[in-house]
Structure formats: C-alpha cells, structure tokens
1. For the range 193-221: of the residues being open to solvent by 30 Å² or more (accessible area, probe 1.4 Å) and of a type outside the set (D, E, K, R), which is farthest from Met88 (Cα to Cα)?
2. For the range 173-192, which positions are surrounded by fewer than 15 Cβ atoms within 10 Å (Cβ to Cβ) and either of a type in the set (Asp, Glu) or in contact with a Pro (Cβ under 9 Å, 6 or more places away or on another chain) (or both)?
3. Check the range 286-301 and report whether any residue there is modelled with pLDDT under 95, of a type outside the set (Asp, Glu), on the phi > 0 side of the Ramachandran plot and touching a Phe, Trp or Tyr at 6+ places or on another chain (Cβ under 7 Å).
4. Looking only at the range 12-61, which residues are among the polar types (S, T, N, Q), in a loop (DSSP other than H, G, I, E, B) and at pLDDT 95 or above?
5. In the range 41-85, how many are hydrophobic (A, V, I, L, M, F, W, C) and more than 14 Å from Thr401 (Cα to Cα)?
6. Check whether at least one residue in the range 193-203 is touching a residue at least 60 places away in the same chain (Cβ under 8 Å) and within 26 Å of Ser305 (Cα to Cα), and report yes or no.
7. Within the range 324-369, how many residues are without any contact (Cβ under 8 Å) to a residue 12 or more places away in the chain and acidic (Asp, Glu)?
8. Only one residue in Ala338, Ala362, Ala326 is of a type in the set (Gly, Ala, Ser), in contact with a Ser or Thr (Cβ under 7 Å, 6 or more places away or on another chain) and either closer than 27 Å to Asn270 by Cβ or surrounded by 20 or more Cβ atoms within 10 Å (Cβ to Cβ) (or both). Which one?
Amino acid sequence: MKRIKYLLFLMLNSVLLLSCSDDKVLNSKEEDVSQLGYARPGGVFVLNGGARMVENGSLTYIAPDGSVETNVYKQVNGTELGNDAIDMYLHGNKLYILCNDFIQLDGQPGDGALIIVDAITLKKEKAYRLSELVYDLPEGMRPEHEGGIMSLSNIAVLDEHNIFINDAQALFRFDSTTGKLTLVKGSYHIANAGGTIEGKVSGKSMAVVDDKLYMGVGGFWSDAGVYEFVKNKDEVNRTLSFESSNLIAGLIAGDNGEVWVGTYSRQNKNNNQVYKVSSATMTLLDSKNITADFSPGYNNTSGLSLAGDWFYHAGQKPRIHRFSFANGSKEILVDALADEPNANYLTTNLVVNSINNYVYVATAQEYMENIITNNNLLIYDCSGSEAKLIDNIAGKTSYVTNILPVD
C-alpha cells in the first residue's frame, strides 16, 4: 500500500513539473515562438468590419513571413464574427473582439457583440450577445428609458474583470467572470430631462499606460482633456483639462509612462494641438501647435500614430504624412493612389508598428455599407527618409476597421 502511495506521489509530481515546465516555456523571454501560433511576435491581426448589410465582420492574419490568411476566425471556429466588427484588443494570450452586431444576416449567424478568443489558437472561449450587455440605469433617468448599448466604438482590457467598452452614450466596465456590465460614472451626461444618456468620453481610441486606461474628452459637454480609469473602480479616477474647445483626434501610449493626446479644430485646421501628459502625476508636460491635418474623421481609431520621434497621420486621405514633435518638421511621404489606383478611401486611420516603422494603409475603392468592393492593405517601410512599399495585399480584407501588430 505504501509503495502504491509512493508511486502515485511520484506520478503527481511529474505531472506538476511538466505543467510548470510548459508554463515556463510559454512565458519565458526565450520562448519557442512556434508555440505561440497566431500570437507570434511580428504577426498582424486585421479586423474587417465588412459591408455590414451583406457580410459579417472577419479576421485576416498576416504571418511574420508576410503570408496572409483570410477568415481565420471562421476557419478555426466554423462560425463568423458578429456583424459590423469595430475594434479589438490583445491582452495576455486573449484577443477581445467588439462588434456592433445590430444586424442579423439571413443564413449568416454571427457570434455576437463581444467575443473572447485564445490568441494562440483563435478558438472562441466566450461570446456575448447585445441582449446580454445590459446595465443598471443611473439615478435621474426616466422610468421608460431602457438601458441598452448604442453604437460601440472601442475596447481596452486591463484584466478579465476590467474590460472597458465605449459606446455613443458612455464608458462601461465589463467583468467576463460574472457577465456584469457597469456604467462608469463621469463618462456620461444625463440629458433631455433624463430622456437620454450622452457620452463625454471620446470614441477616438483608448490608451493603456502602466495598467491604467486613458480616454480623451471634449466637445459639447466639456473642454478637451484626458480622463483616467483604473481597475475595479466604476467612476473616473483622475482628470486633466486642456482648457481648449478642440475635439479629440486620438490618444497614444508613450514609451516612458506618458500619454500623447492629439486635438483638432473643425473651423481652423491650423489650430491642432498635441499634448504630452504624465500618467504618473496626471499633469501636462508639454504641448505644441501642429499645422497639420490629423482629424480622425468618422473612424474610431486614433488620427495619430507614433513610432520613435515621428507622428504619422493621414487626415482622412489615403496618404502618409508625418511630423516631429521635437523640431516641428513635417512632410508628406507618399500618396497611396500612386501605388494603388483603387485606393480611393481610407477605411481606418493609419497604424504604425513602432518596432519596425511599418505603416499600414487600409483602403477601399467604394465606401458603402451594402457594396462588397475592392480592398487593399498597403504596407510601407517608413524607417528611412522615404516610404518604401513592401506589400500591397489585394482582395483579402473588407472595410478594415482596426490593425493590430503583435510585438
């Protein structure tokens, strides 16, 4: 009997050691990247919103070697993303995908509004319908008002208990372990005598710095500024006002604990500002007027993207501009129409990979919610003084809404 117990003890320890060993391999800095599947550094996730009246969202994957896979989520799961895929966020080994999913296409059922997948395998772990994303109304609302999601825009994840989702009304905190959705105080304004909830925070990107979330504010309800949100807190943590009537162009997480915030003016295109904010002290470190157009348009992504000393932007046009905050220099690098005749419309704002200075320009020949059209994803190497086209991926995307390089 003692011998059996001893053998069982050895077997249990062997299993535990193997389990620990596997965890160590996957999490060490010297990990075997072949085991990371789709989450390999150097790969790129491309979220396709799709022509929402006729197709659901989808996911395209660009491998580190440049090879392209289409409909990878459907290939792995046998089902489609929700309709009107709008944003995604990679946290740990999980990819979080946000879809508006108001439209249910005949014969093309989607998996919902919030989908959580294993980033290594792309296997779906959890999915939530719009009907499941309900919240308690704040005090002051009319009894007949029904709390429901409206026009989703952004998602950022601090952990499984703190999944922050933004829509046209407010910011919400979602706990994927309980399924509870909570309205975050300070992110909204109750209007029309309790008839509506209207958002104060901007749907033009989110930035996560030192495990805290930052969002821009500005417009009808407040001056331009930045709000901070933290884990397990259902209200604004800290605020900073720029005392400006400009609108938010986007936010970027810096390399040294700073948050970069771009603002723009609809009336005066020369009155655009870039602010450098300390996330540690929530104070303004520096600001400059930039005479460049980095309006984000209707896209939910940031109108500015940062790599090294250069800010990249497009101003709603399919061309690459950049400027230096340090010395104020600016230049137009390339017009995508010169390389691709079908690049009439920019479907999402420019995204730059800060590791290799690759800039991604997603374009469409037409821009209609009921038309499947020619789409191109142009990739430029902007590490030098000129932009060099390294790839033109045609016919493998559809109305791209977000691009996520894995670093």
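The values are calculated or read from the model by the stated rules, or taken from the named source; none is laboratory data. Predicted model only: the values in this text are computed from it and were never measured. Cβ coordinates were reconstructed from backbone atoms using ideal geometry, including for glycine residues, and neighbour counts include every protein chain displayed. Surface areas here come from the heavy atoms of the whole protein model, side chains and all, with no ligands, DNA or RNA. Shrake-Rupley method; radii C 1.70, N 1.55, O 1.52, S 1.80 Å.
1. The first filter runs over the range 193-221 and keeps only residues open to solvent by 30 Å² or more (accessible area, probe 1.4 Å), leaving 193, 196, 198, 200, 204, 206, 208, 210-212, 219-221.
When the remaining residues are screened for being of a type outside the set (D, E, K, R), the result is 193, 196, 206, 208, 219-221.
On the way: Ala193: 35, Thr196: 27, Met206: 11, Val208: 14, Gly219: 25, Phe220: 28, Trp221: 28 Å.
Going through the qualifying residues, I end up with Ala193.
2. Lys185
3. The answer is no, given that none of the residues of the range 286-301 is modelled with pLDDT under 95, of a type outside the set (Asp, Glu), on the phi > 0 side of the Ramachandran plot and touching a Phe, Trp or Tyr at 6+ places or on another chain (Cβ under 7 Å).
4. Taking the range 12-61 as the starting set, the residues that turn out to be among the polar types (S, T, N, Q) are 13-14, 19, 21, 27-28, 34-35, 48, 56, 58, 60.
Filter again for in a loop (DSSP other than H, G, I, E, B), leaving 28, 56.
Asn56, the sole residue that qualifies.
5. Of the residues in the range 41-85, the ones hydrophobic (A, V, I, L, M, F, W, C) are 44-47, 51, 53-54, 59, 62-63, 68, 72, 76, 81, 85.
Filter again for more than 14 Å from Thr401 (Cα to Cα), leaving 53-54, 62-63, 68, 72, 76.
The number of residues fulfilling the criteria is 7.
6. Yes.
7. Here is the first cut: in the range 324-369, the residues without any contact (Cβ under 8 Å) to a residue 12 or more places away in the chain are 327, 329, 331, 338, 341.
Now narrow it down to the ones that are acidic (Asp, Glu): 331.
The qualifying residues number 1.
8. Numbers: Ala338 fails: in contact with a Ser or Thr (Cβ under 7 Å, 6 or more places away or on another chain); Ala326 fails: in contact with a Ser or Thr (Cβ under 7 Å, 6 or more places away or on another chain).
Within the list Ala338, Ala362, Ala326, the selection yields Ala362.
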